[in-house]
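Before any comments, here is the structure.
The values are calculated or read from the model by the stated rules, or taken from the named source; none is laboratory data. Fair warning: this is a prediction, and the values are worked out from it, not measured in the lab. Cβ placement follows ideal geometry from the backbone for every residue including glycine, while neighbour counts extend to all protein chains displayed. Side chains included, ligands, DNA and RNA excluded: accessible areas come from the protein's heavy atoms. Shrake-Rupley method; radii C 1.70, N 1.55, O 1.52, S 1.80 Å.
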Amino acid sequence: MLIAQLSDCHITIPEEDFAKLYNPADKLREAARHVNNSVNRPDLVFLTGDLVNTAKAEEYEVLRGILPEFEMPVYLLPGNHDDCTLLREMFPDHDYLPTDGKLNYVVEGWPLKFICLDTNIHGKPQGHLGHEQLNWLDQELTRETDRPVVIFMHHPPFKTGLTSMDEMGLLDMDDFAEVISRHKNIKRVLCGHLHRSIQKLIGGTLVQVCPSTSHQIRLLLAENNELGTTFEPPEYLLHYWTEKDGLVTHNDYVKDYKVAWTLKGEM
Ligand SMILES: [Fe+2]
Ligand SMILES: [Fe+2]
């Protein structure tokens, strides 16, 4: 199966200066067109948070208008730019979202089990899971120890060297690492938030961060602690699962590049 992970679309209303700078709504429409028509068409799409930019109902309204353009099921996760209460209210048809409490959920019915975690702290840029959610995660992972699992969450559970973004990181990353280190059936932890492609091994599991469909964060490491954005091209992650070879992740651009050369048949 193929799973597309798109992240940090930061939708705004067209009148905002932010929209004039990044044009996030048109870029998400372009992403929908791209995955629909791709030769590697995904079965499912996960949007891993920062769905809108300033958590306003008008922004979720714009997003509501775009989502039907995806021709496959789309699952939503909250990021720090989202309002979980509003998100739930604006997407009542997304009935996998719990009706109260944190927006944690499980997607079943596929060769992989998907566990989605809500790292949102209302009104704050940092993320947090807490004991209750970590216990729930531990129980979900223990339920079927031989079933392959992928975990989605907005805030990555590690420090990156992008100092300004690290200050907006997951507050209880060590507790999360402790839980996942006890389970051998996790095939990947997949995050957003950092608007770049970044990987690190945590507790024996590869954690990957998905770039943004809107704009990327400037690569400034260590003491270069200013925060900037770039117009590097919109990207997403395509996760390819086979029983035989496991989960392989590819970065793809939201753009159709011309094929330069091709060879058919036996190599
Ligand atoms: Fe973001
Ligand atoms: Fe974020």
Note on segment 198-249: residues open to solvent by 20 Å² or more (accessible area, probe 1.4 Å), among the aliphatic types (A, V, I, L, M) and in a strand (DSSP E or B) are 198, 201, 206, 247, 248
Test residue 152 against the criterion of being at pLDDT 95 or above, within 19 Å of the chain's Cα centre (by Cα) and within 16 Å of ligand 1 (Cβ to nearest atom), and give yes or no.
yes
Please list, ordered by first then second residue, the pairs with beta carbon atoms under 6 Å, 6 or more apart or interchain, first in segment 219-234 and under 14 Å from residue 160 (Cα atoms), second modelled with pLDDT under 95 and open to solvent by 90 Å² or more (accessible area, probe 1.4 Å).
none
Look through 186, 198 and report the one residue that is in contact with a strand residue (DSSP E or B) (Cβ under 8 Å, 6 or more places away or on another chain) and more than 16 Å from ligand 1 (Cβ to nearest atom).
186
Which condition does residue 43 not pass, out of (1) crowded, with 16+ Cβ neighbours inside 10 Å; (2) under 17 Å from the mean Cα position of the chain (by Cα); (3) away from ligand 1 (no atom under 15 Å from the Cβ), if it passes all the others?
(1)
Report, by residue number, each residue of segment 121-173 that is within 25 Å of residue 96 (Cβ to Cβ), touching a His at 6+ places or on another chain (Cβ under 7 Å) and within 16 Å of ligand 2 (Cβ to nearest atom).
121, 127, 154, 155, 156, 170
When restricted to 63, 103, 6, 28, the only residue in contact (Cβ under 8 Å) with a residue 12 or more places away in the chain, over 16 Å from residue 252 (Cα atoms) and within 15 Å of ligand 1 (Cβ to nearest atom) is 63
Go through segment 5-111 and tell me which strands (runs of 3 or more DSSP E), entirely inside it, have 1 or more residues that are within 16 Å of ligand 2 (Cβ to nearest atom).
44-48, 74-77
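Could you list all residues from segment 174-197 that are open to solvent by 30 Å² or more (accessible area, probe 1.4 Å) and within 16 Å of ligand 2 (Cβ to nearest atom)? Show your work before the answer.
Taking segment 174-197 as the starting set, the residues that turn out to be open to solvent by 30 Å² or more (accessible area, probe 1.4 Å) are 174-175, 178, 181-182, 184, 187, 196-197.
Hits for segment 174-197 are 196, 197.
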Which of the residues belonging to segment 221-252 are of a type in the set (A, V, I, L, M), more than 16 Å from ligand 1 (Cβ to nearest atom) and out of contact with any Pro (no Cβ under 7 Å at 6 or more places or on another chain)?
221, 222, 247, 248
Restricted to segment 117-135, and to residues that are more than 19 Å from residue 165 (Cβ to Cβ) and out of contact with any strand residue (DSSP E or B) (no Cβ under 8 Å at 6 or more places or on another chain), which residue is surrounded by the most Cβ atoms within 10 Å (Cβ to Cβ)?
134
Being on the phi > 0 side of the Ramachandran plot and touching a strand residue (DSSP E or B) at 6+ places or on another chain (Cβ under 8 Å) is the filter here; which residues of segment 244-267 pass it?
246
Go through segment 152-178 and count every residue that is touching a Cys at 6+ places or on another chain (Cβ under 8 Å) and under 12 Å from residue 200 (Cβ atoms).
2
Do we have any residue at all in segment 193-216 that's at positive phi and under 17 Å from the mean Cα position of the chain (by Cα)?
yes
